[in-house]
Amino acid sequence: MEPIRVGIIGVGNVLNQYLDKIGVHPDVDIVALADVNEAAVTARAEEYGVRKALSPDELLADPEIELVLNLTPPKLHAPVSLQAIAAGKHVLSEKPFATSLEEAQQILDAAKAAGVYAGSAPTTFLGSGAQTSRKLIDDGWIGEPVAAFGSFVNRGYEHWHPNVDPFYSPGAGPMLDIGPYLITNLVNIFGPVRRVSASAAKSSETRPRPDGSGGYEGEIPIQTPTHISGSIDFESGAVATVVVSWDVWNHNLPHFEIYGTAGSIAAPNPDHFDGAPVLRRGEPRDLALDMTPPGGGDWRETALTHRDDAYRGIGLAEFGHAIRAGVEPRTGGAFAYHVLEVLLAFEQSSQEGRHIDIASTCERPRPLPSVGPHEPYRFD
């Protein structure tokens, strides 16, 4: 199959996560990089051996490029994706797909009219850890999956991120930034969501702004909830609990666990592509009055069923394969829209004090075929 020819708009912090291991996906050809910062794009193109360093307009006008990877800041995801579609390109965006359902619908409508594909990261559910967890569940190792718990909690990004203000602005916050990893992995396990119930809050109106030398200078305005917790009801009947926060220093919460009628799986960090799930079948001692304590019992690390060096380039490879094969990508538009609607429902539920029914639906993503460490990735 001919490699998909890709142009990337945005050469910031996320670029290396796509390109550091792009060589394991020979069906992806990175043709060009583009950014409004001419010096940065030139340096990044030289760093990764990409032959074209362009402006965004030049990249969109380049007839060689078939697929645009949109790595711009979240507020620009929808506008840049729409520009790519208008230029006749397929487009895969970093998460979130958009910052509103109205923007997301515009992308879907434009892509349909143009006859191109549009989709969104995160694609961590295509990694070895998540796909091994999926196979264990599909093969019945924990019985019928009935519930899950997922969390991402920390103290925020201002002490390490060079441009933190957008993360605390409207249309951002932890649910739209780190929540997508949890929701995409949950939909990969359980399928589409039926409704959401949640509470959202922020612990302060401002935060001290680090000055880069250990002190503080000025304040960061906080314009979005920074602690969100809630429950998801799936069409399958399963229920999941989700917590995301930038208000927590330390914790003992698991990243991602799936509970079934016959056992449990502690899955790897949903923000990572590697790591092996840990499996525990139900044991007689769990039924005693003094039940097995949390973390106790016979937890066993499982062997990976999928190659474990995918990294974020697997999203480009899978998307490109779908384009060539004429099938819906696993990270396609319907999936991306559904995940976004679920993410936005958390804050809406808190504001309105009620369950939020999810109007959209999507197909549960197809599992990836198992491949060994030295076999090529497959997406059929």
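The values are calculated or read from the model by the stated rules, or taken from the named source; none is laboratory data. Computed from a predicted structure; not experimentally measured. Ideal geometry is used to build each Cβ from the backbone, glycine not excepted, and the neighbour counts take in all protein chains shown. Heads up: the accessible areas ignore ligands, DNA and RNA and are worked out on the full protein's heavy atoms, side chains in. Shrake-Rupley method; radii C 1.70, N 1.55, O 1.52, S 1.80 Å.
What residue, among those in the stretch 86-102 that are aliphatic (A, V, I, L, M) and touching a Leu at 6+ places or on another chain (Cβ under 6 Å), is surrounded by the most Cβ atoms within 10 Å (Cβ to Cβ)?
The extreme case among them is Leu92.
Any idea which residue in the stretch 213-264 is most open to solvent (accessible area, probe 1.4 Å), counting only those that are of a type in the set (A, V, I, L, M), farther than 19 Å from Val196 by Cα and not in a strand (DSSP E or B)?
Residues of the stretch 213-264 of a type in the set (A, V, I, L, M): 220, 222, 228, 232, 238-240, 242-244, 248, 253, 258, 262.
When the remaining residues are screened for being farther than 19 Å from Val196 by Cα, the result is 220, 222, 248, 253, 262.
If we keep only those that are not in a strand (DSSP E or B) as well, we get 222, 248, 253, 262.
Values: Ile222: 7, Val248: 31, Leu253: 76, Ala262: 35 Å².
So, considering only residues that are of a type in the set (A, V, I, L, M), farther than 19 Å from Val196 by Cα and not in a strand (DSSP E or B), the one most open to solvent (accessible area, probe 1.4 Å) is Leu253.
What residue, of Gln105, Gln131, is touching a residue at least 40 places away in the same chain (Cβ under 8 Å) and either open to solvent by 50 Å² or more (accessible area, probe 1.4 Å) or among the aromatic types (Phe, Trp, Tyr) (or both)?
Values: Gln131 fails: either open to solvent by 50 Å² or more (accessible area, probe 1.4 Å) or among the aromatic types (Phe, Trp, Tyr) (or both).
Of Gln105, Gln131, the one residue that is touching a residue at least 40 places away in the same chain (Cβ under 8 Å) and either open to solvent by 50 Å² or more (accessible area, probe 1.4 Å) or among the aromatic types (Phe, Trp, Tyr) (or both) is Gln105.
What do you reckon, is Lys21 of a type in the set (Lys, Arg), surrounded by 15 or more Cβ atoms within 10 Å (Cβ to Cβ) and either under 26 Å from Asp271 (Cα atoms) or touching a Lys or Arg at 6+ places or on another chain (Cβ under 6 Å) (or both)?
yes
Answer yes or no: is there a residue in the stretch 147-156 that is over 30 Å from Pro208 (Cα atoms) and either open to solvent by less than 10 Å² (accessible area, probe 1.4 Å) or more than 21 Å from the chain's Cα centre (by Cα) (or both).
So far as the stretch 147-156 goes, yes, one or more of its residues are over 30 Å from Pro208 (Cα atoms) and either open to solvent by less than 10 Å² (accessible area, probe 1.4 Å) or more than 21 Å from the chain's Cα centre (by Cα) (or both).
Considering every residue within the stretch 175-192, establish whether at least one is open to solvent by 40 Å² or more (accessible area, probe 1.4 Å) and either touching a residue at least 12 places away in the same chain (Cβ under 8 Å) or of a type in the set (S, T, N, Q) (or both). Before the answer, list the steps.
Just the residues of the stretch 175-192 that are open to solvent by 40 Å² or more (accessible area, probe 1.4 Å), to begin with: none.
No, the stretch 175-192 has no match at all.
Looking at the stretch 1-10, which of its residues are assigned to a loop (DSSP other than H, G, I, E, B) and open to solvent by 10 Å² or more (accessible area, probe 1.4 Å)?
Kept after step one, since they are assigned to a loop (DSSP other than H, G, I, E, B), are these residues of the stretch 1-10: 1-3, 10.
Answer for the stretch 1-10, where residues must be assigned to a loop (DSSP other than H, G, I, E, B) and open to solvent by 10 Å² or more (accessible area, probe 1.4 Å): Met1, Glu2, Pro3.
Leu279 versus (1) assigned to a strand (DSSP E or B); (2) under 14 Å from Ala148 (Cβ atoms): which is the lone unmet condition?
(2)
Among the residues of the stretch 134-166, write down those that are charged (D, E, K, R), in a helix (DSSP H, G or I) and at pLDDT 95 or above.
Of everything in the stretch 134-166, those that are charged (D, E, K, R), in a helix (DSSP H, G or I) and at pLDDT 95 or above turn out to be Arg134, Lys135, Asp138.
Any idea how many residues of the stretch 331-357 are over 27 Å from Leu67 (Cα atoms), out of contact with any Ser or Thr (no Cβ under 7 Å at 6 or more places or on another chain) and either in a strand (DSSP E or B) or open to solvent by less than 20 Å² (accessible area, probe 1.4 Å) (or both)?
Number of matching residues: 3.
Does Ser360 meet the test of being polar (S, T, N, Q), open to solvent by less than 60 Å² (accessible area, probe 1.4 Å) and part of a loop (DSSP other than H, G, I, E, B)?
In short, yes.
Tally the residues that are among the acidic types (Asp, Glu) and touching a residue at least 60 places away in the same chain (Cβ under 8 Å), restricting the search to the stretch 245-298. Walk me through how you get there before you give the answer.
So the first thing to find is which residues in the stretch 245-298 are among the acidic types (Asp, Glu), and the list is 247, 257, 271, 274, 283, 286, 290, 298.
Now narrow it down to the ones that are touching a residue at least 60 places away in the same chain (Cβ under 8 Å): 247, 257, 271, 274.
Result for the stretch 245-298: 4.
Six or more apart or on different chains, Cβ atoms under 7 Å: show the pairs whose first residue is in the stretch 63-76 and among the hydroxyl-bearing types (Ser, Thr, Tyr) and whose second is open to solvent by less than 40 Å² (accessible area, probe 1.4 Å).
Thr72/Ile9; Thr72/Gly10; Thr72/Val80
When you scan the stretch 15-30, do you find a residue that is among the β-branched types (Val, Ile, Thr) and either without any contact (Cβ under 8 Å) to a residue 24 or more places away in the chain or closer than 22 Å to Leu340 by Cα (or both), even just one?
Scanning the stretch 15-30, I find no residue that is among the β-branched types (Val, Ile, Thr) and either without any contact (Cβ under 8 Å) to a residue 24 or more places away in the chain or closer than 22 Å to Leu340 by Cα (or both), so the answer is no.
When only residues in the stretch 319-330 that are part of a loop (DSSP other than H, G, I, E, B) and more than 12 Å from Ala118 (Cβ to Cβ) count, which is least open to solvent (accessible area, probe 1.4 Å)?
First, the residues of the stretch 319-330 that are part of a loop (DSSP other than H, G, I, E, B): 326-330.
After this cut, where a residue has to be more than 12 Å from Ala118 (Cβ to Cβ) as well, the list is 326-327, 330.
Values: Gly326: 55, Val327: 60, Arg330: 7 Å².
Selected residue: Arg330.
Consider the stretch 275-318. How many of its residues are under 30 Å from Ser93 (Cβ atoms) and either open to solvent by 80 Å² or more (accessible area, probe 1.4 Å) or aliphatic (A, V, I, L, M) (or both)?
From the stretch 275-318, those under 30 Å from Ser93 (Cβ atoms) are 275-277, 304-318; that's our starting set.
Going one step further and asking which of them are either open to solvent by 80 Å² or more (accessible area, probe 1.4 Å) or aliphatic (A, V, I, L, M) (or both), we end up with 276, 304, 308, 310, 314, 316-317.
Number satisfying all stated conditions: 7.
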